[in-house]
Amino acid sequence: NVAVPMMARQALQVSANVEGLRLAPQTGGSIHGRLRMEASGNARPDPTQMFLLLRPADGEDEVPGAFTVGEGFSEVAHVNADGSFEWKNVPAGRYSVQISEASAMPDWFLKSVTAGGREAADSGFSVGGGTTALDLVSSGNGAVAEGVAINQKDEPVADAVVVAVPEARWRSRPERYRTAVSDQGGRFTLRGLPPGDYTLFAWESVDGEAYYNPEFLKSYEGQGRALHLNEGDHASARLKAIPAAEDQPSESR
């Protein structure tokens with residue numbers, strides 16, 4: 001006889017008092033789906049090595065735990081041997097899916113996301129009461145970008161933060177970025193890049209994940225290396241590492 005928890009969320013920009021706001025609470029839902037894995041040659045990928053991460057599609061960093069509509073909710077879902085997966089007690093809202101860093105499969109990327117028969121890779125999908133059905137296709141043929149980070153004297157830079165920043169339409173989606181740290185010889189490797197246009201940057205030092213901040217990136221326009229990648233491409237680049245700045249814009253997504 002316990003009442004079903006409900007929640008409502010609304011993003012606001014507040015510059016004065018807010019009046020007349022109407023919120024429509026909804027019960028949470030569940031997500032059930034299946035992942036199909038495309039591999040090259042005779043490779044037989046193990047789905048159980050794959051973990052999926054559920055993220056809000058509205059720019060928030062994470063699902064608001066304080067509003068979880070039931071116990072047992074986790075942002076991460078483990079893929080079963082038959083490719084099936086599920087999330088339970090998901091707070092109502094719009095979401096996107098990405099391959100979790102917990103997966104030991106760095107060359108893989110999500111090739112397509114279909115929710116209820118509709119492509120949802122770009123816009124995300126809605127979860128409310130009831131069940132949302134997802135069909136995912138992943139590819140083990142992600143592009144690779146490797147190279148070396150160097151300073152103004154053409155010397156290798158160790159521990160440089162190297163980031164593949166996607167084209168403008170994807171910059172609010174962290175799953176479209178790839179990051180690496182250069183080794184003692186300045187070498188780096190970025191794996192599992194989805195097809196598309198990127199700009200590669202290397203920083204000697206960067207404040208947290210400031211590269212997700214559009215204002216931060218604006219201050220470095222022209223200092224990156226533009227790169228177009230198709231599925232399965234293998235590209236190399238020498239990147240001039242951007243010297244550490246005393247004042248960097250604060251991290252923001």
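The values are calculated or read from the model by the stated rules, or taken from the named source; none is laboratory data. Everything numeric here is computed off the predicted structure, so don't read it as measured data. Backbone-built Cβ (ideal geometry, glycine too); neighbour counts: all protein chains shown. Just so you know, the surface numbers come from the protein's heavy atoms only, side chains and all, with ligands and any DNA or RNA stripped out. Shrake-Rupley method; radii C 1.70, N 1.55, O 1.52, S 1.80 Å.
In whole angstrom, note down how far apart the Cα centers of region 70-107 and region 163-224 are. Rounded to whole Å, the Cα centres lie 25 Å apart. Rounded to the nearest Hz, the phi-derived 3J(HN,Hα) couplings of region 221-230 under the Karplus curve 6.51 cos²θ - 1.76 cosθ + 1.60 (θ = phi - 60°) are 4, x, 9, x, 10, 6, 8, 10, 10, 9, where x marks glycine and proline.
Using a probe of 1.4 Å, the accessible surface attributed to Ser219 totals some 70 Å² when neighbouring protein chains are kept in position.
Scanning residues 5 or more positions from Asp233 or on other chains, those with amide H under 5 Å from its amide H are Ala143, Val144, with H placed 1.01 Å from N in the peptide plane. Distance between the 7 Å Cα→Cβ label points at Asp233 and Arg36: 2.6 nm.
For GluC sites (Glu not before Pro), the sites in region 94-202 that DSSP calls loop and that have at most 14 other Cβ atoms within 10 Å are Glu101, Glu167.
In terms of overall dimensions, region 141-241 has a Cα radius of gyration and Dmax of 12.6, 36 angstrom. For Arg187, the residues whose amide H sits under 5 Å from its own are Ala149, ignoring neighbours fewer than 5 places away on the same chain, with H placed 1.01 Å from N. The phi torsions of region 180-190, fed into the Karplus equation with coefficients 6.51, -1.76 and 1.60 and a -60° offset, translate into couplings of 7, 10, 5, 7, 5, x, x, 7, 9, 9, 10 Hz, rounded to whole numbers, with Gly and Pro shown as x.
A straight chain from Ser123 to Asn80 at 0.36 nm per residue would run longer than the Cα-Cα distance by 12.9 nm. Scanning residues 5 or more positions from Ser112 or on other chains, those with amide H under 5 Å from its amide H are Val137, with H placed 1.01 Å from N in the peptide plane. A simple spin-label model places pseudo-atoms 7 Å from Cα toward Cβ; at Glu221 and Ala133 they are separated by 4.6 nm. Computed from label points 7 Å out along Cα-Cβ, the spacing between Gln184 and Arg169 is 4.5 nm.
Annotation: region 122-170 has a Kirkwood hydrodynamic radius of 16.0 angstrom, from the mean reciprocal C-alpha pair distance. In this view, the solvent-accessible surface of Asp82, computed with a 1.4 Å probe and all protein chains in place, comes to about 90 Å². Taking all protein chains as they are arranged and a probe of 1.4 Å, the heavy atoms of His234 leave approximately 120 Å² accessible to solvent.
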